[in-house]
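Student: Handing you a structure now.
The values are calculated or read from the model by the stated rules, or taken from the named source; none is laboratory data. Bear in mind that the values here come from a model prediction, so they are computed numbers and not experimental data. All Cβ positions, even for glycine, are placed from backbone atoms using ideal geometry, and neighbour counts span all protein chains on display. Surface areas here come from the heavy atoms of the whole protein model, side chains and all, with no ligands, DNA or RNA. Shrake-Rupley method; radii C 1.70, N 1.55, O 1.52, S 1.80 Å.
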Amino acid sequence: MSDRSLSRRDLLEAAALAGAASLLPAPAEAKDAPAPAAPGWVLVTSANGVEAAKTARQALIQGKDPLDAAIAGVNVVELDPDDVTVGYGGIPNEEGVVELDAAVMDGRTMRAGAVGALTGVKTPSKVARLVMDRTDRVFLVGAGARKFATAHGFADEDLLTPKTRKIWLYWREKLTDLDDWIEAADEAKDPDVKWFLQKYGAEIFRPQGTIHMSVRTASSDLVSVTTTSGLFFKIPGRVGDSPVVGAGLYAENGVGAAGSTGRGEANLVTCGSHSVVEFLRQGLSPEEACLAALKRISEKTHLVPRHRDAKGRPRFNVNFYCVDARGRTGGAAIWSGNKHVVADLDGVRTVDSAYLYKRGS
Ligand code: GLY
């Protein structure tokens, strides 16, 4: 697969060999979102990006720069205290500190900027953009990223909300009976704690949420941004795929742009977003390219027993989102039931993502 294009037939043959009948989606699901009727701008974003897409769409209608538009879009989610997976109000690390990761990439210039484990800034995507524009570097992390943000006038703010503080305290107190932290009698009845347990309590792998957005302009320019608070209750300093160019995002004019959400470690070791764009280069459609990169993650999961289910499939999920230089969009996940968001001049719509495996199968 390394030196020749991966055709639909290859995928079907591989699916048959792997016994994974759902490696390619059913024909109805295999359709990419239709290309714009007239060549125009289009954006693709993760399922949590409806409001972000509306903001970015307005900016693009007004003729703003596509990377500015995408960053303005994801800023809406970064600033939303109720989204516990991105920016302000994100679930903190195991010590109760919110550490944020973000990156931007500009396919026009092949320049990128990224921050990892940044504290105290609600909108890390803006700092990532400054790393790209105001340094000759790509990636700043931890204390260095914080100093850089301070130098550019970003205050050091508390990113915990009352809600996430309660959730973190409850998690910390329940962690073990062997330490000094004791749960209050009525703590599990708190509406915020109940909400958290209902939404995330059953997940085998601690969840992580993220927003990705890629834009393709009318003149075929391609840009991407990804931003996240990362894995819930992570070990301090843990950085996932989101700010890593080639893993959490990748944009290259003439080919395509892609990004990811989901279990970052699986994507980091397979360089997923770069793979998606390479599959586009080999002639796959956006949706097929996303599926091919997911298939690679799934195959590599076989090597780690604790990550695979009884049938050898990943016990976690990863999503890819993609737009090619022609303006065709696609999205896919390892597991069924996921969606992504597409916006163009016609409006903003949520679309079912393709998948490798049907949940419950
Ligand atoms: N994909 C986001 C993370 O793993 O941090």
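Student: Those residues that are over 15 Å from GLU288 (Cα atoms) and among the charged types (D, E, K, R), I need them from region 327-361; list them, please.
Tutor: Within region 327-361, LYS339, ASP344, ASP346, ARG349, LYS358, ARG359 meet the criteria.
Each row is one residue, and each column tells you yes or no for (1) touching a strand residue (DSSP E or B) at 6+ places or on another chain (Cβ under 6 Å); (2) modelled with pLDDT of 95 or more; (3) of a type in the set (Asp, Glu).
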position: THR217; (1), (2), (3): no, yes, no
position: VAL223; (1), (2), (3): yes, yes, no
position: GLU252; (1), (2), (3): no, yes, yes
position: ALA257; (1), (2), (3): yes, yes, no
position: HIS274; (1), (2), (3): yes, yes, no
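Student: Which residue out of ALA332, ALA354 is within 13 Å of the chain's Cα centre (by Cα), open to solvent by less than 30 Å² (accessible area, probe 1.4 Å) and at pLDDT 95 or above?
Tutor: ALA332
Student: Still on this structure, I have one more. For region 108-135, enumerate the residues that are more than 18 Å from the chain's Cα centre (by Cα) and under 21 Å from LEU222 (Cα atoms).
Tutor: Residues satisfying the conditions are ARG108, THR109, MET110, ARG111, LEU130, VAL131, MET132, ASP133, ARG134.
Student: Exactly one condition in (1) of a type in the set (Phe, Trp, Tyr); (2) at negative phi; (3) within 16 Å of the ligand (Cβ to nearest atom) is not met by TRP181; state its number.
Tutor: (3)
Student: Report yes if some residue within region 92-110 is open to solvent by 10 Å² or more (accessible area, probe 1.4 Å), of a type outside the set (Lys, Arg) and free of Cβ contacts under 8 Å to residues at least 24 places away in the same chain; otherwise report no.
Tutor: The answer is yes; a qualifying residue exists.
Student: I need every pair where a residue in region 240-252 that is touching a residue at least 40 places away in the same chain (Cβ under 8 Å) has its Cβ under 6 Å from the Cβ of a residue that is surrounded by fewer than 24 Cβ atoms within 10 Å (Cβ to Cβ) and not aliphatic (A, V, I, L, M), sequence separation at least 6 or different chains.
Tutor: Sorted first by the residue in region 240-252, then by its partner, the pairs are TYR250/HIS274.
Student: So which residues in region 145-187 are in a helix (DSSP H, G or I) and open to solvent by less than 40 Å² (accessible area, probe 1.4 Å), if there are any at all?
Tutor: Those that are in a helix (DSSP H, G or I) and open to solvent by less than 40 Å² (accessible area, probe 1.4 Å): ALA145, ARG146, PHE148, ALA149, LYS163, THR164, ILE167, TRP168, TYR170, GLU173, GLU187.
Student: Look at region 208-261 and say how many of its residues are aliphatic (A, V, I, L, M), within 15 Å of the ligand (Cβ to nearest atom) and either open to solvent by less than 20 Å² (accessible area, probe 1.4 Å) or not in a strand (DSSP E or B) (or both).
Tutor: Final tally of qualifying residues: 9.
Student: Also, I was wondering about something else. If a residue has to be open to solvent by less than 70 Å² (accessible area, probe 1.4 Å) and outside any helix (DSSP H, G or I) to count, how many in region 281-315 make the cut?
Tutor: The total comes to 9.
Student: Right, here's the next one. Six or more apart or on different chains, Cβ under 6 Å: which pairs go from a residue in region 263-282 that's within 11 Å of the ligand (Cβ to nearest atom) to one that's open to solvent by less than 40 Å² (accessible area, probe 1.4 Å) and part of a helix (DSSP H, G or I)? Could you list them?
Tutor: Filtered contacts from region 263-282: ALA266/ILE297; GLY272/ALA293.
Student: Looking at LYS311, LYS300, LYS295, which is the one that is modelled with pLDDT under 95 and under 27 Å from ALA103 (Cα atoms)?
Tutor: Result of the check over LYS311, LYS300, LYS295: LYS300.
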